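The values are calculated or read from the model by the stated rules, or taken from the named source; none is laboratory data. These numbers come from a predicted model, not from an experiment. Glycine also receives a Cβ, built like all others from the backbone with ideal geometry; neighbour counts cover every protein chain displayed. Accessible surface is based on the protein model in full, side chains and every heavy atom, while ligands, DNA and RNA are left aside. Shrake-Rupley method; radii C 1.70, N 1.55, O 1.52, S 1.80 Å.
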Amino acid sequence: MTCTHSLHKDKVALIAGGGGGMGLQTALDLLKAGARVWVLDMKPEPHELKEQDRAHYFQGDATDQTQLDRLFADIEAKAGHLNYLVNTTGVLWFDRDKSFLEIDMDVWDQVYEINLKSLVLTTKGAVPLMRKAGGGAMVHISSIDALSGDAAPQDAYGSAKAALIRFSKSVAVQCAKDGIRSNTILPGGVHTSMQERWDLDPSKKEALANFVPLGRVGVAQDIANAILFLLSDKASYITGTELVIDGGIRALP
Ligand SMILES: NC(=O)c1ccc[n+]([C@@H]2O[C@H](COP(=O)([O-])OP(=O)(O)OC[C@H]3O[C@@H](n4cnc5c(N)ncnc54)[C@H](O)[C@@H]3O)[C@@H](O)[C@H]2O)c1
């Protein structure tokens, strides 16, 4: 039987936001499975990637078209095509992203640029290179925050993540004829650098774990496992849909 991992051998992948928790775990898993992986992130290269000979690190801004043009030109020059795009770029600014009644609209625009526009730009860049590969697969990371309102919200974040779901469906419909699939994952709380507030106050993490039906918060590996499945040919009939990965929170009454 073919294991899901061996399906990724020699595939060419781009992980946007791949210096962070979920993206980095996905990059490492794809490298382990034999893929060639380009990682884009604002952060300096994580040490885990430095000694990987099939990893290409690009320190840059996913909202900057000029930098993205250079990145896609590099992929085209070195690999000739692209099989996978994973969009994990995101920011959750608890201190500045507030209710729509209070938020500074410059902050609103920045959150939309990073959490939504960056994905549109990387997707636009990826499609021509996926056509050269004869098809491809994309996974975009939204959030369960996209599915409900909140009395103490991050309104820009949640609404940008909701827009992303709709955007992915449009990509799926428009690019199906090219053999390109596009799906979205909606995580619940996952312990990555985005949730560093849990390191400062572990009681917040414990309170969430007690609320989650499966009794714990998520880890980056939970999300990377699903990303590798959705990218693989095992998911060849899955496109334009969403996968909630939240330990059961959304199943609660
Ligand atoms: N951690 C959670 O609880 C959680 C829950 C639901 C959804 N998400 C979403 O999952 C995705 C991955 O988040 P994570 O938990 O791995 O967090 P993370 O902060 O570890 O990773 C996000 C990465 O995006 C990068 N980034 C931000 N702006 C960028 C830009 N302009 N250009 C390039 N890179 C940029 C950051 O440097 C960071 O490495 C995000 O889209 C996030 O919104 C996270």
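The largest-to-smallest principal axis extents of the Cα set in the chain are 48, 44, 38 Å. The phi torsions of region 36-46, fed into the Karplus equation with coefficients 6.51, -1.76 and 1.60 and a -60° offset, translate into couplings of 9, 10, 8, 10, 10, 6, 5, 6, x, 4, x Hz, rounded to whole numbers, with Gly and Pro shown as x.
Figure legend: label point modelled 7 angstrom from the Cα of residue 102 along Cα→Cβ; residues of region 148-174 with amide N under 20 Å from it are 148-160. Given a 10 angstrom Cα cut-off, can you work out which residue in 107, 139, 12 is the most mobile in a GNM of the chain? Looking only at 107, 139, 12, the biggest GNM fluctuation is shown by 107.
Our estimate of slack between residue 221 and residue 196, defined as 0.36 nm per intervening residue step minus the Cα-Cα distance, is 7.3 nm. In this structure the amide hydrogen of residue 14, modeled in the peptide plane, comes within under 5 Å of the amide hydrogens of 38, 84, 85, 86, none closer than 5 places in sequence on its chain.
Between residue 93 and residue 210, full extension at 0.36 nm per residue minus the direct alpha carbon distance yields a gain of 39.7 nm. For the residues 224, 151, 137, a GNM of the chain with alpha-carbon springs under 10 Å puts the largest fluctuation on 151. For the chain, leaving out every one of the GluC sites (Glu not before Pro) that falls in a DSSP loop and has at most 11 other Cβ atoms within 10 Å, the longest unbroken run is 103-195. Entry comment: accessible area of the chain is 48 Å² per residue, from protein heavy atoms only and a probe of 1.4 Å. So if I take the centroid of the Cα atoms in region 117-193 and the same for region 69-96, what is the distance between those two points in Å? That distance is 13 Å.
Under 5 Å between amide hydrogens, built in the peptide plane, is the criterion, and for residue 180 it picks out 136 among residues at least 5 positions away or on other chains.
Between 79, 152, 163, the residue with the greatest mean-square fluctuation in the GNM of the chain (Cα pairs under 10 Å linked by springs) is 152.
Each part reduced to its alpha carbon centroid, region 32-63 and region 205-238 end up 22 Å apart. Taking Cα atoms only, the orientation of helix 220-231 departs from the longest principal axis of the chain by about 40 degrees.
Carbon-plus-sulfur fraction of the accessible area of the chain, 1.4 Å probe, in percent? Taking all protein chains in place, the chain shows 53 percent carbon and sulfur surface.
Taking every alpha-carbon pair under 8 Å whose residues sit at least 6 apart, the chain reaches a relative contact order of 20 percent. Remark on residue 189: its backbone amide H falls under 5 Å from those of 218, a criterion applied only to residues 5 or more positions apart or on other chains, H modelled at 1.01 Å from N.
Adding -39500 (n - 2.57) for every DSSP H run of four residues or longer, then dividing by how many residues the chain holds, sets the calculated 222 nm ellipticity at -12500 deg cm²/dmol.
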